[in-house]
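Asker: Let me give you the structure first, and then I'll get to my questions.
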C-alpha cells in the first residue's frame, strides 16, 4: 500500500480572499481621497497670506498718503470744500472722501501694475471724536478699505487733527 503525502492546510490558506482584497482597496481609496482633499485645500489657499499682505500694504500706503495732506484746504482755508478735479491735485484730507479705485493707484492716479484686482475705497468722517476733539473743526477720521474678491476685506483707520 502506497503512502499518501499529507497536505498542510494552514499553508494553503495564507493568501487573501477576493472579499478581503476589495475591502482593502475601498479603505485605501477613501483614505487617499481624504488626503487629496487636504492637498487641494492647501493648494487653493496657498496665496492667501500674500494677498492679505498686499492688501495691508496698499491700505497703509493710501492712509499714509492721505494723512500727510493738510487738514485745511490751502486754497480756501476751509475744512472740507469741494474735492479737487484730479487725484494728482488733491491737497487736503477731505479731497479723498469718496475715492473708489478699482485697482491700486499711485499718488498721481496711475494704476500700479499687478494690483489691478484690488479695490480701494476711502471715507472721511467729519463727525469723528478723538480724546475730546470733536467734529470737522478739530479732527477727521479716515477709513481706507481694501477688497480682493471674497478673500480679503481689510479696513485701516487713521485720524488727522488740526494742529
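The values are calculated or read from the model by the stated rules, or taken from the named source; none is laboratory data. Since the model is a prediction, treat every value here as computed from it, not as a measurement. Heads up, the Cβs are rebuilt from the backbone with ideal geometry, glycines too, and the neighbour counts pull from every protein chain shown.
Asker: Since residue 30 meets every condition but one in (1) free of Cβ contacts under 8 Å to residues at least 12 places away in the same chain; (2) under 16 Å from the mean Cα position of the chain (by Cα); (3) on the phi < 0 side of the Ramachandran plot, which condition does it not meet?
Answerer: (2)
Asker: Return yes when residue 98 is more than 19 Å from residue 57 (Cβ to Cβ), assigned to a loop (DSSP other than H, G, I, E, B) and in contact with a strand residue (DSSP E or B) (Cβ under 8 Å, 6 or more places away or on another chain) and no when it is not. Before you say what the answer is, go through the steps one by one.
Answerer: Details: more than 19 Å from residue 57 (Cβ to Cβ): yes; assigned to a loop (DSSP other than H, G, I, E, B): yes; in contact with a strand residue (DSSP E or B) (Cβ under 8 Å, 6 or more places away or on another chain): yes.
Judged against the criteria, residue 98 is a match.
Asker: Now for a separate question. Scan the range 84-106 residue by residue and report those that are under 22 Å from the mean Cα position of the chain (by Cα), touching a residue at least 12 places away in the same chain (Cβ under 8 Å) and surrounded by fewer than 16 Cβ atoms within 10 Å (Cβ to Cβ). Lay out the reasoning, then the answer.
Answerer: Of all residues in the range 84-106, those under 22 Å from the mean Cα position of the chain (by Cα) come to 98-106.
Still in the running and touching a residue at least 12 places away in the same chain (Cβ under 8 Å): 98-105.
Those that are under 22 Å from the mean Cα position of the chain (by Cα), touching a residue at least 12 places away in the same chain (Cβ under 8 Å) and surrounded by fewer than 16 Cβ atoms within 10 Å (Cβ to Cβ): 98, 100, 102, 103.
Asker: Of the conditions (1) within 21 Å of residue 73 (Cα to Cα); (2) surrounded by fewer than 16 Cβ atoms within 10 Å (Cβ to Cβ); (3) modelled with pLDDT of 90 or more, residue 122 fails just one. Which one is it?
Answerer: (2)
Asker: When you scan the range 51-75, how many residues do you find that are exposed (fewer than 13 other Cβ atoms within 10 Å of the Cβ) and either outside the structural domain of residue 120 (by TED's automatic domain parsing) or not in a helix (DSSP H, G or I) (or both)?
Answerer: Number satisfying all stated conditions: 3.
Asker: Does residue 150 fit the bill of being in contact with a strand residue (DSSP E or B) (Cβ under 6 Å, 6 or more places away or on another chain), exposed (fewer than 14 other Cβ atoms within 10 Å of the Cβ) and within 25 Å of residue 44 (Cβ to Cβ)?
Answerer: Working: in contact with a strand residue (DSSP E or B) (Cβ under 6 Å, 6 or more places away or on another chain): no; exposed (fewer than 14 other Cβ atoms within 10 Å of the Cβ): yes; within 25 Å of residue 44 (Cβ to Cβ): yes.
Criteria not met by residue 150.
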